[in-house]
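S.K.: First, the structure itself, so that you have it in front of you.
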2 protein chains.
Amino acid sequence: MTATPPKNDRFLRALRREPVDRTPVWLMRQAGRYLPEYRATRAAAGSFLGMAKNPELACEVTLQPLRRFPLDAAILFSDILTVPDAMGLGLYFVEGEGPKFERPVRTHEDIAKLAVPDMDRDLRYVTDAVRTIRRELDNAVPLIGFSGSPWTLACYMIEGGGSENFSKVKALALNDPAAMHKLLDVVSDAVIAYLDAQRQAGAQALQVFDTWGGVLSPSMYREFSLRYLKKIAQALPRGAEKAPLILFGKGNGAYLEELADTGAEGVGIDWTVGLGDAARRTGGKVALQGNLDPVTLYAQPEAIRREVGRALDDYAQGNGGSREGHVFNLGHGMSPDMSPDHVAALVAAVHELSAR
Amino acid sequence: MTATPPKNDRFLRALRREPVDRTPVWLMRQAGRYLPEYRATRAAAGSFLGMAKNPELACEVTLQPLRRFPLDAAILFSDILTVPDAMGLGLYFVEGEGPKFERPVRTHEDIAKLAVPDMDRDLRYVTDAVRTIRRELDNAVPLIGFSGSPWTLACYMIEGGGSENFSKVKALALNDPAAMHKLLDVVSDAVIAYLDAQRQAGAQALQVFDTWGGVLSPSMYREFSLRYLKKIAQALPRGAEKAPLILFGKGNGAYLEELADTGAEGVGIDWTVGLGDAARRTGGKVALQGNLDPVTLYAQPEAIRREVGRALDDYAQGNGGSREGHVFNLGHGMSPDMSPDHVAALVAAVHELSAR
């Protein structure tokens, strides 16, 4: 891909902690069911996976929010569970129940059979989508590629779907840590290959979603989640070739110092941490991404604007008075019943209130 | 009630940070569906609320786990939502869906109508249960009374039941903080009266469950949850009359220093905080209660024993080498499919591994 910087490079500059004219903003799950045009595309595609596995449709829904809002980055439309699906577990969706696997990992034999998928054969639809989106974006804003974290993928692979208390995956980690590490090793190798394939196809930044790291105790988090986040950050290419890496984790607030030392360029945080405290604790080692409570989008536009202002100012206060190194985002993904008008109010507030 | 200390006073001594022969242990939701005798009593009672509102049956299920395990405290069998029920909201339960209110708080008028219930009339069944349990316990171990926290009660009162994202209660707090404070003020007055009525009826310690404080951003936590926890801790009687107060909160790990300064004697923590870190951060100001991940009970007894040992040692390391001031507990409540045999292994491990 071309190394020409995008016309709007605020997001990439913020990840390098360089000065920006305004704080860049994108929103987790910015392409989604809250947009009527998304619902129309999905209805035409017939299913979520049918849409995600079709590069043209994935491109279309990736671009939809950018046509409405002056967002500073696009994120590939895909699912965090594509890697275990490509490992043969059989991803499917039940309406209203979230993702499930037809063949969850249950035995030592299941673990022994796991292998890194062939990116060109098994995940070609993803890299094709990245190439298609880059072409259509025409370098207007950068494109973010992503993956689930090894621990988060392991949760779904072992539970077979979502879980209230993660009893199966935690019991495996407690009863048979060696088996758990064997699984996490192959999954993290697959994640590394997957992220690098997205980079080679044109993704200009990469994000790892550690959605379920925060359900662990500190000692288990360090052993079963953080260790593999660090492995990923260390294994991805360095230097001019490198796409900046953001480690997002729900409930990662206790581990910001350690995440800032992994080698990643950015750390994404949820709304239960103060941005100012997070900036002080990470001391300029990484950019910070976040962290408005997504539920703020249900409040009135004046309240949204006030909370955006608070978050921007809190970050700056913790960052020596500077807005550098901050990517504005929600602390978690958007929900289908949120209002596009409120999203517009949020994006405008970020740009207006952060303008120098 | 008699001021004679219970025969087993480890729990009360630990809350005063006095030396104990073994670390005391009790388990949140120790009376519950994982016990066949509980299921039998509940089947005979016909419903959860029928059981909770009958002092003899509430006493029976309170005592059941103590007949099986050498637990160091009993906790009143009741529900965290008795106070809003007594305020006229109409608590009911739908099998598999958790608690709901027939008349949730929706308008300013609904808030204006809220009043502190008459403890003798509207919550007499609770104080009767406390008296009955104290009589049947015959001072073997102390009895803990409890309430939901004002914020947690407000969540259910406004959402009308459980919630995935607490959008209604958070939107009210963001759009109309004055209305939210008006509600929280009357609810906290009710909680104070309720806890003190339990103390007068014989409860020897009190716990506030702030189950949902951790879903808030730090600024909202301090404004809408912590402020009212402190109000409760400050309002309850002091000195010889006082029953020690434990503030438990899921997701309260970022606020331990502030919770230790509320005036409460104990802080209960979930499993996402290290006990050693918690002890260092609170510096002996309070006792700490917790914090094994309840899911550990699904692991094998050897793994349970290892994790109990880790937690005990972690606490002692953060507490200057001493086990004083630690009440062993889970980091959250038990689940119906847990094994009584594994509970026995946990309780035995706490007592054996902490013995001097």
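Read the figures in this text as sums done on the coordinates, not as results from a lab. Fair warning: this is a prediction, and the values are worked out from it, not measured in the lab. Counting neighbours? That spans all protein chains shown, and the Cβs are built from the backbone with ideal geometry, glycine included.
S.K.: Return the percentage of antiparallel bridges among DSSP beta bridges fully within the protein assembly as shown, rounded to the nearest 5 %.
M.R.: The answer is about 15 percent antiparallel.
S.K.: What does the charge count around B:Pro36 come to, taking other residues whose C-beta lies under 14 Å from its C-beta (Lys +1, Arg +1, Asp -1, Glu -1)?
M.R.: Its environment carries a net charge of +1.
S.K.: Taking every residue in B:212-220, how many Cβ atoms of other protein chains lie within 10 Å of its Cβ, on average?
M.R.: Averaged over the peptide's residues, the number is 5.
S.K.: Here's something else I'd like to know. Quick one: label points 7 angstrom along Cα→Cβ at B:Gly284, distances to the other copies in nm, smallest first?
M.R.: Listed shortest first, these distances are 3.8 nm.
S.K.: B:Gly320: net charge of surrounding residues, Cβ under 12 Å, Lys/Arg +1, Asp/Glu -1, itself excluded?
M.R.: +2
S.K.: Using a label position 7 Å from Cα in the Cα→Cβ direction, what is the ascending list of nm distances from B:Arg135 to the same site in the other copies?
M.R.: 8.3
S.K.: Using helices alone, what [θ] at 222 nm do you get for chain B, with -39,500 (n - 2.57) per DSSP H run of 4 or more residues, divided over all residues and rounded to the nearest 500?
M.R.: Calculated from helices alone, the mean residue ellipticity at 222 nm is -13500 deg cm²/dmol.
S.K.: Only Lys, Arg, Asp and Glu count, each charged at its Cβ (+1, +1, -1, -1), so figure out the dipole size of the protein assembly as shown about its Cα centre, rounded to 20 debye.
M.R.: For the protein assembly as shown, the charge dipole is close to 800 debye.
S.K.: Before anything else, pin down the relative contact order of chain A: Cα pairs under 8 Å, at least 6 apart, normalised by residue count, whole percent.
M.R.: 22 percent
S.K.: Moving on to the next point. Label B:Asn165 and B:Ala44 with points 7 Å out from Cα along Cα→Cβ: what is the distance between them in nm?
M.R.: 4.6 nm
S.K.: Another question, if that's okay. Just tell me which lysines come within less than 28 Å, Cα to Cα, of A:Lys182; anything on the same chain fewer than 8 places away is out.
M.R.: Within the straight-line cut-off, A:Lys182 pairs with A:Lys100, A:Lys113, A:Lys168, A:Lys170, A:Lys230, A:Lys231, A:Lys242, A:Lys250.
S.K.: Hey, another quick one. FRET efficiency for A:Glu95 and A:Arg68, Cβ-Cβ distance as r, R0 = 25 Å, nearest 0.05?
M.R.: The pair A:Glu95/A:Arg68 has a calculated efficiency of 0.45.
S.K.: Rounded to the nearest 5, what % of DSSP beta bridges with both residues in the stretch A:155-278 are antiparallel?
M.R.: The antiparallel fraction comes to roughly 0 percent.
S.K.: Along the charge dipole of the protein assembly as shown, which of B:Ser225, A:Phe69, A:His332 sits closest to the positive end, that is, farthest toward it, with unit charges on the beta carbon of Lys, Arg, Asp and Glu (+1, +1, -1, -1)?
M.R.: B:Ser225
S.K.: Fewest first, what order do B:Lys168, A:Lys113, A:Lys170 take by the number of other Cβ atoms within 10 Å?
M.R.: So the ranking, lowest neighbour count to highest, is A:Lys113, B:Lys168, A:Lys170.
S.K.: If you take the charge dipole of the protein assembly as shown about its Cα centre, with +1 on Lys and Arg Cβ and -1 on Asp and Glu Cβ, which of A:Phe48, A:Ala254, A:Gly161 is farthest toward its positive end?
M.R.: Going by the charge dipole, the pick is A:Ala254.
S.K.: Under a point-charge model restricted to the Cβ atoms of Lys and Arg (+1) and Asp and Glu (-1), what is the dipole moment magnitude of the stretch B:168-279 relative to its Cα centre, in debye to the nearest 20?
M.R.: 240 debye
S.K.: Ordered shortest first, which distances in nm separate the 7 Å Cα→C-beta label point of A:Glu164 from those of the other copies?
M.R.: For A:Glu164, the inter-copy label distances come out at 1.5 nm.
S.K.: Hey, another quick one. Which percentage, to the nearest 5, of the DSSP beta bridges contained in chain A is antiparallel?
M.R.: 15 percent
S.K.: Within 10 Å of each Cβ of B:172-182, how many other protein chain Cβ atoms are there on average?
M.R.: 2
S.K.: Take the alpha-carbon centre of the stretch B:265-328, take the same for the stretch A:68-137, and report the distance between them in whole Å.
M.R.: Between the Cα centres of the stretch B:265-328 and the stretch A:68-137 lies a distance of 39 Å.
S.K.: Next up: Give, rounded to the nearest 20 debye, the magnitude of the charge dipole that the stretch B:1-63 has about its Cα centre when Lys and Arg contribute +1 at Cβ and Asp and Glu contribute -1 at Cβ.
M.R.: With only Lys, Arg, Asp and Glu charged at Cβ, the dipole is about 240 debye.
S.K.: For labels at A:Tyr125 and A:Ser339 in the simple 7 Å Cα→Cβ model, what's the distance in nm?
M.R.: In this crude spin-label approximation the distance works out to 3.6 nm.
S.K.: Quote the FRET efficiency, to the nearest 0.05, computed for B:Thr4 versus B:Glu37 with a Förster distance R0 of 25 Å and r equal to the Cβ-Cβ distance.
M.R.: After rounding, the FRET efficiency stands at 0.30.
S.K.: Just to confirm a number: summing +1 for Lys and Arg and -1 for Asp and Glu over residues other than A:Ser219 whose beta-carbon lies under 14 angstrom from that of A:Ser219, what do you get?
M.R.: Local charge sum for A:Ser219: -2.
S.K.: Follow-up question, since we're still on this one. State, to one decimal in nm, how far the label point of A:Asp118 lies from the label point of A:Ala178, with both points 7 Å from Cα in the Cβ direction.
M.R.: Output for this residue pair reads 3.3 nm.
S.K.: Another question about this same structure. Taking the Cα centre of chain B as the origin and placing charges on Cβ (Lys, Arg +1; Asp, Glu -1), which of B:Ala303, B:Leu236, B:Pro36 is farthest toward the positive end of the dipole?
M.R.: The one lying farthest along the dipole's positive direction is B:Leu236.
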